[in-house]
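This report refers to the structure that appears directly beneath it.
Values in this text are rule-based calculations from the coordinates and carry no lab data. The structure presented is a predicted model; accordingly, all values stated were derived computationally and were not measured. Backbone-built Cβ (ideal geometry, glycine too); neighbour counts: all protein chains shown.
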Amino acid sequence: MTHDPRSVSSLFTQVDITAGAQLSKPREAGAWTDEQTGILRNMLAAQDRQNELLEELINQIGSAQKQRNAELAQWKQANPHLSKNCRVAAETLSKVQLEFLNSLTNEINDNSDVLMDGEFMLNEFVDRFGPRLAHLNGVLQVLAQLSSAPNPMGS
């Protein structure tokens with residue numbers, strides 16, 4: 001099986017698909033190298049700018065978080081008794097939350113078929129447990145933040 005060299009070389013010719021493109025001579029290797037170098041430099045400059053923006057964003061978020069942590073630490077020092085009470089309340093509420101989650105998971109496991117088949121029952125379940133769970137989590141989070149317990153994420 002022989003191949004015609006002209007048909008093989010036609011597979012590897014350059015096609016310019018820009019609007020209004022006209023046939024042009026194939027570029028020389030040096031022209032391609034210059035164009036590729038320019039493109040790579042542009043990509044590198046864009047990536048450098050993107051990195052600068054990300055660093056700026058991280059610095060802004062980090063400084064806001066540091067300020068918030070400092071204000072929280074000042075509040076805890078100014079209100080040590082209330083901070084301690086928040087810790088005790090958070091520990092108690094955490095136990096309540098565990099019992100609530102146990103009840104919620106039992107309800108799901110006992111009624112899984114009904115919940116999957118009936119939209120009405122799913123809506124009833126969400127209405128019954130959803131708001132209470134959301135509010136409980138919110139209150140627990142506030143108490144934990146205001147408590148005198150050390151922050152596990154670091155300050």
Using the beta-carbon distance between residue 55 and residue 92 and R0 = 41 Å, what value does 1/(1 + (r/R0)^6) give for FRET efficiency, to the nearest 0.05?
0.45
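Return 121, 116 ranked ascending by Cβ neighbour count within 10 Å, so the fewest neighbours appear first.
Working: 121 14, 116 10.
Ascending number of Cβ neighbours within 10 Å: 116, 121.
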Rounded to two decimals, what ratio of Rg to Rh does region 28-78 give with C-alpha atoms and a Kirkwood Rh?
1.54
Given labels modelled 7 Å from the Cα in the Cβ direction, how far is it in nm from residue 133 to residue 116?
1.8 nm
Calculated Rg and Dmax of region 80-155 using C-alpha coordinates, Å
16.3, 52
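Rounded to the nearest 0.05, what FRET efficiency do residue 123 and residue 100 have when you use their Cβ-Cβ distance and R0 = 22 Å?
That pair, residue 123 with residue 100, gives E of 0.65.
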